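Everything on this sheet refers to the single structure shown next.
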Amino acid sequence: MDNSTTLVLGATGKTGRRVAARLRLRGTPVRAASRSSRTPFDWSDPAGWDRALRGIATAYIVPPTVPGPVHDFVTRAEATGVQHLVLLSGHGADAWGDSTFGLDMRSAEDAVRGSALEWTVLRPSNFDQNFDEDLFHAPLAAGELALPAGAVPEPFIDLEDVADVAAAVLTEPGRHAGRVYELTGPRPLTFAEAVELISRASGQPITYKQITPAEYTATLVDQGLSEDDAHHVTEMFVLMERGVGAGTSDGVATVLGRAPRTFEDYVVRAAAAGAWRR
């Protein structure tokens, strides 16, 4: 069989939909897979994986939120003739130590990096778009973002840069085989600084408040998250406060030959689109 198609998992998600669009624009055959796509894919239903993998040359993997399944997926990928794997992980995963955060991503990295296939790992920092597409959006629109994050900055990265890097790696997998790319924005910002920029660009009065991890976990549970999911999100902030991911990297420049987009670029675009309009 002539494998020539790229499989994009999580194809309706934040990175997947952007990556799939870029690949199509480049003329790369794409099989978009998710629970709601024409090609269904569910990490909890391995019986459907072979259909998604049939005829695939390269796969973009967004791991599930639990450790383990990627190991079985990689075994299936090897058996069906996949040649290259590109995994989305997290910034500074090697330095997460004994934290309970990111066990899913670390398990996925072990599976991919231990495979017989060519692989590349992408490790982005927190996305700019978390402020207008995710948990942070509703509080910002209401006028206050309260998180357990203080003076330790985060080198937020634009999802458009992550997708640009992923598309480049997926279309030139041999060039990037065996590489781990740490992907960050050009400079770190505290959450208070990020919120100030959002407030100024949007023209809306928005403030930042630091709260304790316990308070944040309780808030997430009140918003409908399970205790386990709320604890997992909170653990990310506990890890961030150690400063293990505060530094910037040259991953975007290495792959794309240009600097990453600034947080200000993102804020201007999102504000112009009315992201935080009341």
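The values are calculated or read from the model by the stated rules, or taken from the named source; none is laboratory data. Only a predicted model underlies this, so the values are computations on that prediction, with no experimental measurement involved. In case anyone asks, the SASA skips ligands and DNA or RNA and just uses the protein heavy atoms, side chains included. Shrake-Rupley method; radii C 1.70, N 1.55, O 1.52, S 1.80 Å.
List of remarks:
- Long-range amide H partners of residue 39 with built H, under 5 Å: 34
- Measuring nothing but how far apart in sequence close Cα pairs (under 8 Å, 6+ apart) lie, relative to its length, the range 129-278 scores a relative contact order of 40 percent.
- Crossing angle, helix 103-113 versus the chain [Cα axis fit, 0-90 degrees, rounded to tens]: 30
- Relative contact order (%) - criterion: Cα under 8 Å, at least six apart; region: the range 200-278: 40
- 91, 176, ranked by accessible area, largest first (probe 1.4 Å): 91, 176
- Relative contact order (percent, whole number), the chain, Cα cutoff 8 Å, 6+ residue spacing: 19
- For the range 14-39 and the range 128-166, distance of Cα centres in Å: 23
- For the range 219-231, 3J(HN,Hα) computed residue by residue from phi via the Karplus equation (6.51, -1.76, 1.60; θ = phi - 60°) reads 4, 5, 5, 4, 7, x, 6, 6, 4, 5, 5, 5, 5 Hz, glycine and proline entered as x.
- The HN-Hα couplings worked out from phi for the range 80-86 by the Karplus form 6.51 cos²θ - 1.76 cosθ + 1.60 (θ = phi - 60°) are 9, x, 4, 10, 9, 10, 10 Hz, whole numbers, x standing for Gly and Pro.
- Antiparallel bridge percentage (DSSP; both residues within the chain; nearest 5): 5
- Surface exposure of the range 206-249, expressed per residue as accessible area with a 1.4 Å probe, stands at 55 Å².
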